[in-house]
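For reference, the structure discussed in these notes is given below.
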Amino acid sequence: MDIYSELIIDLYKNPLNRRAIQNADITHSGANVTCGDSVRMYAKIDSDGTVTDASFEGEGCAISIASASLITEEMRGKNTKEILSWNSATLFEWLGVELGPMRIKCGLLPLETVQEGLRKK
């Protein structure tokens, strides 16, 4: 299966939620020094731990941008505990492809970044 599916290409060309959130409850940055991908994840969280808004800023390959787009979409309305339980299988399901060893870091960068930010809150 081609890792550059229509979904990945579309989200790369037209990323969802690519913006800063002013006064975000979570703001955390991550980078993949191997390939140069970088991401900054934002989230607004209400008092019961539910994400009310999520976004990202960053530069990178099609997979990292598509991953950040999908993750920010999926975060809305979810409790932070659920987000902390997401893993590579969760991401592969959303992307519609299983990433190989050379691309897994690209796909997981936004997820690991937002989870690290949540753990530090």
Legend entry - Carbon + sulfur, % of accessible area of the chain - ligands and nucleic acids excluded, 1.4 Å: 48 percent
Legend entry - In degrees, nearest ten, helix 104-120 long axis to first principal axis of the chain (Cα): 10 degrees
Legend entry - Å² per residue, accessible surface of the range 44-95 at 1.4 Å: 41 Å²
Legend entry - Rg [Å, one decimal], Dmax [Å, integer] - the chain, C-alpha atoms: 13.2, 42
Inset, instruction - Give me the accessible area of Thr50, 1.4 Å probe, in Å² rounded to the nearest 10. - result: 30 Å²
Legend entry - Size of electric dipole in the chain: Cβ of Lys, Arg +1 and of Asp, Glu -1, about Cα centre, debye, nearest 20: 360 debye
Legend entry - Neighbourhood charge, 13 Å Cβ-Cβ cut-off, centred on Glu57 and excluding it, Lys, Arg +1 and Asp, Glu -1: +1
Inset, instruction - Please compute the net charge surrounding Glu93, taking Lys and Arg as +1 and Asp and Glu as -1 over other residues with Cβ under 14 Å from its Cβ. - result: -3
Inset, instruction - Hey, could you grab the Kirkwood Rh for the range 1-55? Inverse mean 1/r over distinct alpha carbon pairs, Å, one decimal. - result: 13.3 Å
Inset, instruction - Could you state how much accessible area Glu73 has, in square angstrom rounded to the nearest 10, with a 1.4 Å probe and all protein chains kept in place? - result: 80 Å²
Legend entry - Theoretical ellipticity at 222 nm over the chain - DSSP helices of four or more residues, -39500 (n - 2.57) apiece, nearest 500: -13000 deg cm²/dmol
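The values are calculated or read from the model by the stated rules, or taken from the named source; none is laboratory data. Remember, it's a predicted structure, so these values are computed and weren't measured experimentally. Glycine also receives a Cβ, built like all others from the backbone with ideal geometry; neighbour counts cover every protein chain displayed. When the accessible area is computed, the model is the full protein with side chains, heavy atoms only, and any ligands, DNA or RNA have been set aside. Shrake-Rupley method; radii C 1.70, N 1.55, O 1.52, S 1.80 Å.
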